[in-house]
Amino acid sequence: MTDAATLLAPPRRRHAGQGARLRAACYGLLGILTLAAVWELYKGLGPVDGLVVGDIRVLPRTSDLAMPHVWDMIARLFEPVTRAEGARVLWLEIVLAAGLTLGIAAAGWVVGVIVGMAFALIMQRWILAESALLPWIVLSQTVPLIAFAPLVKSWGSRIEIGAFEWQDWMSVAVIASYLAFFPVAVGALKGLQSPDRLHLELLHTYSAGWWPTMLHLRLPAAVPYLLPALRLAAANAVVGAVVAEVSTGLQGGIGRLVIQYAGQASGDPAKAWAPIFGAIALGLIAAGSVALLGLLVKDYRRTEGAA
Amino acid sequence: MSNAVTVTGVDKVFDSGAGQVVALTEVALDVAPGEFVSLIGPSGCGKSTLLRLIADLESPTNGTVEVFGTSAHQARLDQRYGIAFQQAGLLPWRTVAANIALPLELSGMPKSDVRARVDELIALVGLGDFGDRFPDQLSGGMQQRVAIARALAKKPQLLLMDEPFGALDEMTREYLQTELLRIAAETGAAVVFVTHSIPEAVYLSDRVVVMSPRPGRIAEVVPMSLGSTGSRADDLREDGSFFEMITAVREALHGGGVAAAPRGVENR
């Protein structure tokens, strides 16, 4: 429930100047380099067969099979996927797969945001709906996705309306939306409830009804709560899409490649890491795109305090 | 023309967890059109509650509240009054001009009319160059002026103000008091003004309504014989008659028949 916990914290205004942003980028890069250095350091110094205490391996093996060199992993990206004639270079294969997954995740994100907003509006409008729905919304996230994904696929395959036929990727998008709607519902509800009594009474004295109050007060006030929720939803949609690809067996996405290349890891250990990098990059791109959205609504992140 | 405000035999009882709390009992008050009336009294005397009853933000347990001859509820729906609170309560994502425009937009006024009216109001409260600033770029005094302009947007003939200058420093406060008198005189609006400060009440008002707590009621109504409110200026603050009126209000506060000292009233 850490997701919800971050959402419940009141949003703060941040003054991110050009310099601060550059520094943040440098720290990010430094973090990656440190991670690579730690990886290589352990690989160099750690016991080849790991450390086993009793029956439990407390330290991993450091063999090339378990922990390929960082540079091997990178170099592998620029080699062909297979030795077959005309095979694509690995990074391109990853990018294409990631593109497909990103598209599905984006569709899931959009559906999740719409559903999440709808839930938040309903819960804000009727206090009874909040006490009736919110526990179920929280509970919904405890359903194991692995169990749930094949069900969605089999339900979906029965849908056929006129020329419309359910596609497998739609099942994946639905599962992605199932993870994405949660932070939006919780965050948006918190945001819609955030205006203080003073502002609500002011709108009341203008004899503004529910909808004008929503439009002019609650929705704008919810923006600072919505932005982190949307970002979380984007990351969740990617995770959901990747996991759903695996459990519904959808071909062509990054989730499929993770499984497929892991199966080939005994012969080609560095290759298995490529789709993992792809999935990480995917999450960053998804969350980053939402951050760009935040720039469009920066006036809504202002606070009331005097200068 | 009917009174701006007519309060008749009003009781207000709040149900709290510990039982019932009597906030107001047997309150009767008339405010004439264009009159400036201050409500003063210690904390818990129900002065804010009385203002909220007039604004139809609360409803009375007994008695009636009329605004311009209609019920307070109808007056709120018709937006016959403008209101300002201790916090300016501006919407942080709207500029000064857009904040003032909000009540006009909500009533469906055409865009060009809104712009013309907003320009008028910005000039009226002396914020000429600040129309496109955001609230967080303004001082507390300027924010409060925006709030007053917003309260005046629909040309109400009644202004309800709940300690609007309570959070400001003394210099700004005195300046805005004189500004408020000018604005009230220009618009001809009646004002019901809640305050903790005796000099503020005396300086601004035609009549000062002194209230006492437990249960909240009107102890005394002290008329201010200081000339018309529109003609008052800062030199009045050093005038002998001003101090006489301060003394009169203070005695009314202390002599309200309540043993407890009037806590929460500033004597400066």
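What the table shows:
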{"read-out": "Those residues of region B:49-70 which are within 14 Å of chain A (Cβ to nearest Cβ) and either assigned to a loop (DSSP other than H, G, I, E, B) or crowded, with 20+ Cβ neighbours inside 10 Å (or both), in sequence order", "value": "B:T49, B:L51, B:R52, B:L53, B:I54, B:A55, B:D56, B:L57, B:E58, B:S59, B:V67"}
{"read-out": "Some residue of region A:119-128 being within 19 Å of A:R218 (Cβ to Cβ), in contact with a helix residue (DSSP H, G or I) (Cβ under 9 Å, 6 or more places away or on another chain) and exposed (fewer than 15 other Cβ atoms within 10 Å of the Cβ)", "value": "yes"}
{"read-out": "Pick from region B:134-153, criterion outside any helix (DSSP H, G or I) and more than 9 Å from chain A (Cβ to nearest Cβ), ranking: nearest to B:T187 (Cα to Cα)", "value": "B:L152"}
{"read-out": "Of residues in region A:68-83 being not hydrophobic (A, V, I, L, M, F, W, C) and not in a helix (DSSP H, G or I), the one surrounded by the fewest Cβ atoms within 10 Å (Cβ to Cβ)", "value": "A:R83"}
{"read-out": "Count of region A:161-215 residues which are away from every other protein chain (no Cβ under 14 Å), modelled with pLDDT of 90 or more and farther than 20 Å from A:A234 by Cβ", "value": "2"}
{"read-out": "Filtered residue count, region A:58-67, keeping only those that are part of a loop (DSSP other than H, G, I, E, B) and out of contact with any Lys or Arg (no Cβ under 8 Å at 6 or more places or on another chain)", "value": "6"}
{"read-out": "Within region B:16-38, tally of residues that are under 17 Å from B:V208 (Cα atoms) and out of contact with any Gly (no Cβ under 9 Å at 6 or more places or on another chain)", "value": "8"}
{"read-out": "Checklist (1) within 14 Å of chain A (Cβ to nearest Cβ); (2) outside any loop (DSSP other than H, G, I, E, B); (3) under 24 Å from B:I183 (Cα atoms) applied to B:S38, failing item", "value": "(1)"}
{"read-out": "Conditions (1) touching a residue at least 24 places away in the same chain (Cβ under 8 Å); (2) more than 9 Å from every other protein chain (Cβ to nearest Cβ); (3) under 28 Å from B:P223 (Cβ atoms); (4) hydrophobic (A, V, I, L, M, F, W, C): number failed by B:V96", "value": "(3)"}
{"read-out": "Among the residues listed as A:A270, A:A291, A:A281, A:A234, the single one being crowded, with 21+ Cβ neighbours inside 10 Å and within 20 Å of the chain's Cα centre (by Cα)", "value": "A:A234"}
{"read-out": "For A:R88: the one exception among (1) modelled with pLDDT of 85 or more; (2) among the basic types (K, R); (3) under 26 Å from A:P275 (Cβ atoms)", "value": "(1)"}
{"read-out": "Selection count, region B:72-93, where residues are under 19 Å from B:L124 (Cβ atoms) and either modelled with pLDDT of 90 or more or more than 7 Å from every other protein chain (Cβ to nearest Cβ) (or both)", "value": "6"}
{"read-out": "Every residue from region B:110-133 that is within 12 Å of chain A (Cβ to nearest Cβ), of a type outside the set (K, R) and surrounded by fewer than 18 Cβ atoms within 10 Å (Cβ to Cβ)", "value": "B:D132"}
{"read-out": "Residue that is away from chain B (no Cβ under 14 Å) and within 29 Å of A:P220 (Cβ to Cβ), where the choices are A:A291, A:A272, A:A262", "value": "A:A291"}
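The values are calculated or read from the model by the stated rules, or taken from the named source; none is laboratory data. Computed from a predicted model, the values in this text were never measured in an experiment. Backbone-built Cβ (ideal geometry, glycine too); neighbour counts: all protein chains shown.
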